[in-house]
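*Asks:* Attaching a single structure in structure tokens format; questions to follow.
Bear in mind these aren't lab numbers, they're just calculated from the coordinates by the rules spelled out. Worth saying up front: this structure is predicted, and the values here are computed from it rather than measured. Glycine gets a Cβ as well: all are built from the backbone with ideal geometry, and neighbour counts include every protein chain shown.
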Amino acid sequence: MEFRIVAATPEDTGRVLGMIEALADYEKLRHLCVATEKGLRAALFSARPAAEVVLGWEGATAVAFALFFHNFSTFLGRKGLYLEDLFVQPAFRRRGYGRALLVHLARIAVERGCGRFEWAVLDWNTPAIGFYESLGATILPDWRISRVTGPALEKLAAWPPVGSG
């Protein structure tokens with residue numbers, strides 16, 4: 001069956017959400033997945049989208065997705081492409097679809113003049129780590145992701161600015 005990659009449209013929002021939820025299940029993080037179709041549609045398809053999504057299709061079935069956005073490297077002085085999520089439905093794995101999505105995004109990064117293409121991987125996901133390394137990716141052992149969310153984000157945002165009294 002032919003595999004093709006196309007940019008998602010607003011009509012695909014439900015499909016994208018379904019794959020995000022499936023990814024959350026796979027990562028055992030479903031309790032953190034609170035995305036809604038309405039919120040995704042606004043974030044992905046507004047006048048200034050926060051991110052972009054491509055869908056991988058096998059025939060008439062969406063079987064994979066990748067959600068990405070631009071970041072910036074101060075050291076390179078150039079934008080980069082950051083892959084937030086890549087997911088292939090379990091029944092469609094081992095057909096080269098994950099590699100095809102990564103190649104597609106690498107081409108986008110090169111076409112857009114990005115200085116790097118990067119993503120994070122959970123430390124327990126050894127199959128993914130091996131796969132990424134086989135593509136030439138370097139797993140950065142010295143870096144850890146820092147995150148502030150929910151009440152902690154609200155608390156941090158409420159701190160008074162330095163010199164305010």
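*Asks:* If you place +1 on the Cβ of every Lys and Arg, -1 on the Cβ of every Asp and Glu, and leave all else neutral, what size is the dipole of region 3-158 about its Cα centre, to the nearest 20 Debye? All intermediate terms of the calculation are to be shown ahead of the outcome.
*Replies:* On the way: 19 positive and 16 negative charges, 47 e Å.
My answer is approximately 220 debye.
*Asks:* Under 17 Å Cα to Cα from K79, which aspartates and glutamates show up? Leave out anything in the same chain fewer than 8 places away.
*Replies:* Result set, ordered by chain and number: E52, E111, E118.
*Asks:* Can you put I129, I145 in order, fewest other beta carbons within 10 Å first?
*Replies:* On the way: I129 15, I145 5.
Listed from fewest to most nearby Cβ atoms, that is I145, I129.
*Asks:* Further, regarding this structure: For helix 13-26, report the angle its Cα long axis makes with the longest principal axis of the Cα atoms of the chain; keep it between 0 and 90° and round to the nearest 10°.
*Replies:* It works out to around 80 degrees.
*Asks:* Give me the lysines in straight-line cross-link reach of K28: C-alpha distance below 28 Å, same-chain residues under 8 apart excluded.
*Replies:* K38, K155
*Asks:* Among R93, R147, R78, which one shows the biggest mean-square fluctuation in a GNM of the chain, springs joining Cα atoms closer than 10 Å?
*Replies:* Greatest mean-square fluctuation among the candidates belongs to R147.
*Asks:* In a GNM of the chain with a 10 Å cut-off on Cα contacts, which of F45, F75, F131 has the highest mean-square fluctuation?
*Replies:* F75
*Asks:* Ranked by Cβ crowding within 10 angstrom, fewest neighbours first, how are H104, H31 ordered? Could the numbers behind the result be given before it?
*Replies:* Working: H104 15, H31 7.
Least to most surrounded, the residues fall as H31, H104.
*Asks:* Can you tell me the orientation of helix 97-111 relative to the chain, as the angle in degrees between its alpha-carbon axis and the longest Cα principal axis, to the nearest 10?
*Replies:* Helix 97-111 and the main axis of the chain meet at about 60 degrees.
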